[in-house]
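Some notes on the structure that comes next.
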Amino acid sequence: MDTKQHDLVVIGSGPGGYVAAIRAAQLGLNTACVESVKELGGTCLRIGCIPSKALLESSYHFHEAKGELTQHGIDILSVSLDLEKMLKRKDAVVKTLTKGVDGLFKKNKVTRYHGMGRIAGPGKVVVEGADSATLEAKHIIIATGSVPAPLDGVELDGGRIGTSTEALSYPEVPEHLVVIGAGAIGLELGSVWARLGAKVTVLEYLDHILPGMDRRLGKDAQRVLAKQGLEFRLGARVTGARAEGDMCVVEVEGADPIACDRVLLAVGRRPNTEGLDLESVNVPLDTLGRIDVDDGFQTPEKGIFAIGDVIRGPMLAHKAEDEGVACVERIAKGYGHVNYDAIPGVVYTHPEIASVGKTEEELKEAGVDYSKGKFPFMANGRARVIGDTEGYVKILAHAQTDRVLGVHILGPQAGDLIAEAAMAIEFGASSEDIARTSHAHPSLAEVIKEAAFATFDRAISI
Ligand code: FAD
Ligand code: NAD
């Protein structure tokens, strides 16, 4: 087997790995990226963020055409669904983007190896597959991401009972889809199939949806999504699911079993370290199976780093990307860091749900005094114009210093609006800084400005 020399070998080409590899090459490191799947881009581009958002977009257009547009005086007399075409469009979007990563690798001279990467001692990676080789490098970054977490008693059959991967490609609209877990995946993919006509039941073990997000925001989001037809059963612990012919049966503790024709298991994801042979080096896992790293993404084995879903922190694409950049900048320049207090989280339902910084629950628990400003989209001109008035912006600021500590949005374009809030937290802004910044009129962003005024004084327009 050939032995190849590189300055850096990255294992995995998801948003963590491919961004790290490109940035490293830009910084002058001779860089290779090992990826077991033919297409580059990882979970995010192939079976995660991008295909789910493509289906959310298409299914929302379908929902609009079926009735939502009548408020604008547009009556569409006959609306039909071509699911095959919708799925093909989603696949085409994915293909364009994964090919784009190929192009970026070529442009930046990142060497790609197609095969499974295995660590064979400090500074050594063995690739097995189409491009079998032994690679030697001073630095190795593990960016092998995550895979769906299994649930005891739920027999995944890759068909009727599956994970998000199958739910991105159901060949027909389910009659009744049961979703296990009311996290981001459950709400997003549940919304897609509900909009396309399925009855959707979401079973959640906790007494609230979206764990980790601001509790009030989650409650309000649940109310809005329930109006759209998603049925929520909270406090429902699923203990099993099995296929019986064309149907499935889902067992819930202390309740009658539920019959349905599809089950989506969405109870979280677990870090993926399978096949890496970490026993050959000093790279321990923590109690949750994540690779243990220090603040500089360094494992106890000098020269071996890890980033993205395979380490601690939220499992988000942009968090993986930011870590990829910070990690290689540390390797090449000696500095680079990620501000974990300013990483936004967005759930792309309609309306969108977005958060950055601390929740009220976290501030209360930490004993931090805070003031709160809230402003509804209903009172915003632009929201009225587009006919999308559900939701609000809530800003939490330090009671004494007025520094913005958390921003939580339920509303139209919340996923884009949250960028301003992340910037405010990153720059250490006060709510008064936001309120005194000119915001274009009429725009949805004015809701942030008004909520900021309400945090330290009073909103202008209510
Ligand atoms: P991954 O993207 O998982 O990439 C890891 C790569 O490593 C994979 O390509 C894998 O094939 C490869 N690999 C693994 N082991 C080996 C090996 N031994 N050798 C070679 N290659 C290997 N996040 C968001 O921020 N926004 C969203 O809207 C969003 N939507 C999502 C929707 C769904 C349905 C899912 C499932 C996830 C979503 N996520 C979203 C989460 C996001 O996809 C992940 O946080 C992100 O992909 C993590 O990036 P990563 O680089 O750490 O790992
Ligand atoms: P999650 O952890 O967000 O939610 C899983 C839910 O399942 C939790 O609410 C949990 O209480 C519930 N649950 C666990 N066991 C259960 C049981 N036995 N019965 C009923 N409910 C049970 O996980 P997810 O939605 O699968 O998403 C996985 C990861 O992917 C998340 O970390 C998320 O950040 C990421 N993701 C992000 C986006 C986005 O940013 N828009 C979209 C999709 C996925």
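The values are calculated or read from the model by the stated rules, or taken from the named source; none is laboratory data. Small disclaimer: the values here were computed from a predicted structure and weren't measured. Counting neighbours? That spans all protein chains shown, and the Cβs are built from the backbone with ideal geometry, glycine included. Quick note on the areas: whole protein, heavy atoms, side chains included, nothing else; ligands and nucleic acids left out. Shrake-Rupley method; radii C 1.70, N 1.55, O 1.52, S 1.80 Å.
Quick rundown of the values:
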read-out: Within segment 94-112, considering residues that are open to solvent by less than 50 Å² (accessible area, probe 1.4 Å), among the aliphatic types (A, V, I, L, M) and closer than 26 Å to L55 by Cα, the one farthest from the chain's Cα centre (by Cα); value: V101
read-out: Among the residues listed as G16, G28, the single one being open to solvent by 50 Å² or more (accessible area, probe 1.4 Å) and not hydrophobic (A, V, I, L, M, F, W, C); value: G28
read-out: Answer residue from segment 298-321, given it is open to solvent by 40 Å² or more (accessible area, probe 1.4 Å) and within 7 Å of ligand 1 (Cβ to nearest atom) and is farthest from V19 (Cα to Cα) among those; value: M315
read-out: Subset of segment 1-45 (residues that are within 16 Å of ligand 2 (Cβ to nearest atom) and either hydrophobic (A, V, I, L, M, F, W, C) or free of Cβ contacts under 8 Å to residues at least 40 places away in the same chain (or both)); value: C44, L45
read-out: Residues being part of a strand (DSSP E or B) and either within 16 Å of S191 (Cα to Cα) or within 16 Å of ligand 1 (Cβ to nearest atom) (or both) - total across segment 209-244; value: 4
read-out: Cross-chain or 6+ apart pairs with Cβ under 8 Å, segment 100-129 first and touching a residue at least 60 places away in the same chain (Cβ under 8 Å) and in a helix (DSSP H, G or I), then open to solvent by less than 40 Å² (accessible area, probe 1.4 Å) and of a type in the set (S, T, Y); value: V101/S13; V101/Y18; L104/Y18; F105/Y18
read-out: Any chance V127 is hydrophobic (A, V, I, L, M, F, W, C), within 16 Å of ligand 2 (Cβ to nearest atom) and assigned by TED's automatic domain parsing to the domain that holds L276; value: no
read-out: Segment 417-462, residues that are open to solvent by 50 Å² or more (accessible area, probe 1.4 Å), of a type in the set (K, R) and modelled with pLDDT of 95 or more; value: R436
read-out: Test: residue in segment 267-275 that is more than 30 Å from D157 (Cβ to Cβ) and open to solvent by 60 Å² or more (accessible area, probe 1.4 Å); value: no
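Condition check ((1) open to solvent by 10 Å² or more (accessible area, probe 1.4 Å); (2) in contact with a Ser or Thr (Cβ under 6 Å, 6 or more places away or on another chain); (3) on the phi < 0 side of the Ramachandran plot; (4) not β-branched (V, I, T)) across all residues:
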| position | (1), (2), (3), (4) |
| --- | --- |
| S355 | yes, no, yes, yes |
| L363 | no, no, yes, yes |
| I386 | yes, no, yes, no |
| G391 | yes, no, no, yes |
| L396 | no, no, yes, yes |
| T401 | yes, no, yes, no |
| V404 | no, yes, yes, no |
| H408 | no, yes, yes, yes |
| G415 | yes, no, yes, yes |
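The rows are residues; the columns are (1) more than 10 Å from ligand 2 (Cβ to nearest atom); (2) over 24 Å from S80 (Cα atoms); (3) at pLDDT 95 or above; (4) surrounded by fewer than 20 Cβ atoms within 10 Å (Cβ to Cβ).
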| site | (1), (2), (3), (4) |
| --- | --- |
| A149 | no, yes, yes, yes |
| D157 | yes, yes, no, yes |
| A167 | yes, no, yes, no |
| E175 | yes, no, yes, yes |
| G186 | no, yes, yes, no |
| K199 | yes, no, yes, yes |
| Y205 | no, yes, yes, yes |
| H208 | no, yes, yes, yes |
